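J.: Can you keep this structure in mind? I'll have questions shortly.
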Amino acid sequence: MRSLRLAIDKDSRSIVLALVLLLVALVMPRVELPRDTYDYLLVFDISQSMNVEDYRLDGNPVSRLVFAHEAARQMLRDLPCGSRVGWAAFTGYRTIPLLSPVEVCAYYNDLIASLDQIDGRMRWSNASEITKGVYWSVLSAQETSPRPDVVFITDGQEAPPLDPAYPPRLLEDLPKQLIHGWLIGIGAYAPSPIPRIDEEGHRQGYWNADEVVQPSAFGNTTAPPIEHLSAVREPHLQALANQLGFSYAHLTGPASLSDSVRDRRYARRQPTPTDLYWLPASIAVLLLAIRFLPSSRA
């Protein structure tokens, strides 16, 4: 009789302890723990060449910009809490910040909703002066507090093309090592026609060779007319990245952007509010499981 009473008391204590642990899990505040986080201003090229459909999602052809959106969604899911992400758009020669970096977990839904609004209808120019856009993206990051790293997603096609006799020297004016980041090349290596898109986002055929500035405009009469076609201009982007001290990567799949930006070289170690409610909750579940396991005794 006494052994039965002791067993009941023991079972009762385990149940009470489990309930106490569950209550602790419900009211347990976040704890500040050091964690690697990331801070990025993500710049989307929204010029017309970003409408070239040379990627596929779920077996269907999609534009470079749509694919960049999907890669950004994957990145938001993968970045650790405490990281911050903001959006900016580039076309013409300017990069315009759209959303200052915010914490990815607390503002995840807002980041996703605002990401879906970034498309070619925002375009304020048909030019695409990539070097100037990169320059302005760095200036935007410098003016943001705390300063984020830059991720600039573009196919790298300068429109109009650069005059070889007068290469831009804007990047030489930037303070070295003040802003870090990535140039992310997007697009296939094989050139494709560039869709002509109106202000409402409707396709109006494709650009023709005689409708865009070609290298022959700078006296290079032997250069083939290729500026109405678009492929990722990787050597140009790599050269820009080297000038800035940035890293370069080519966007090959939705996860490749996330893999790049989570490079530990760009991590910032800082105290981050962390949920530990799972710890007492797990112990409580374990106690209850042990309590209600079928007895192995006959």
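Only the coordinates and a few stated rules stand behind these numbers; no lab work does. Values in this document were obtained by computation on a predicted structure and should not be read as measured data. When we count neighbours, we look across all protein chains shown, and the Cβ atoms used for this are built from the backbone with ideal geometry, even at glycine.
J.: Given the options Ile197, Ile184, Ile153, which has the most mean-square fluctuation in a GNM of the chain, springs set between C-alpha atoms less than 10 angstrom apart?
T.: Ile197
J.: Lys/Arg Cβ at +1, Asp/Glu Cβ at -1, dipole of segment 31-273 taken about the Cα centre: which of Ser49, Leu240, Tyr93 is farthest positive-ward?
T.: So the residue furthest toward the plus end is Leu240.
J.: Let's see if you can work this out: charge +1 on each Lys and Arg Cβ, -1 on each Asp and Glu Cβ, no other charges. What is the dipole magnitude of the chain about its Cα centre, in debye to the nearest 20?
T.: Numbers: 28 positive and 33 negative charges, 408 e Å.
My answer is approximately 1960 debye.
J.: Also, I was wondering about something else. I'd like the distance separating the alpha-carbon centroids of segment 173-243 and segment 50-77, in whole Å.
T.: When both Cα centres are located, 18 Å separates them.
J.: Treating the beta-carbon of each Lys and Arg as +1 and of each Asp and Glu as -1, no other charges, what is the dipole magnitude of segment 154-292 about its Cα centre, to the nearest 20 debye?
T.: With Lys and Arg at +1 and Asp and Glu at -1, about 1040 debye.
J.: Give the residue from Ala255, Leu286, Pro175 lying farthest towards the positive end of the charge dipole for the chain; charges sit on Cβ (+1 for Lys and Arg, -1 for Asp and Glu) and the dipole is referred to the Cα centre.
T.: Leu286
J.: Oh, and also: Kindly rank 137-143, 56-62 from highest to lowest mean number of other beta carbons found within 10 Å of each residue.
T.: Values: 137-143: 19.7, 56-62: 10.1.
Ranking the peptides 137-143, 56-62 by packing returns 137-143, 56-62.
J.: In addition: For the chain, restrict the atom set to alpha-carbon positions and state the Rg and Dmax in Å.
T.: Cα-based Rg and Dmax for the chain come out at 26.7, 106 Å.
J.: Assuming R0 = 30 Å, can you tell me the calculated FRET efficiency for the pair Arg203 and Gln117, based on Cβ-Cβ distance, to the nearest 0.05?
T.: Here the calculated transfer efficiency is 0.95.
J.: Just the projected area, averaged over all directions, of the convex hull on the alpha carbon atoms of segment 116-200: how many nm²?
T.: If I average the Cα hull's projected area over directions, I get 7.6 nm².
J.: So for the chain, averaging the separation of alpha carbon pairs under 8 Å that are six or more residues apart and normalising by length, what relative contact order in percent results?
T.: Relative contact order comes out at 27 percent.
J.: Give me the compactness ratio for segment 160-298, meaning the Cα radius of gyration over 2.2 N^0.38 Å.
T.: Here the answer is 1.90, to two decimals.
J.: Let me ask something else. Which order results if Val52, Val20 are arranged by neighbouring Cβ count within 10 Å, fewest first?
T.: Going from sparsest to densest Cβ surroundings: Val20, Val52.
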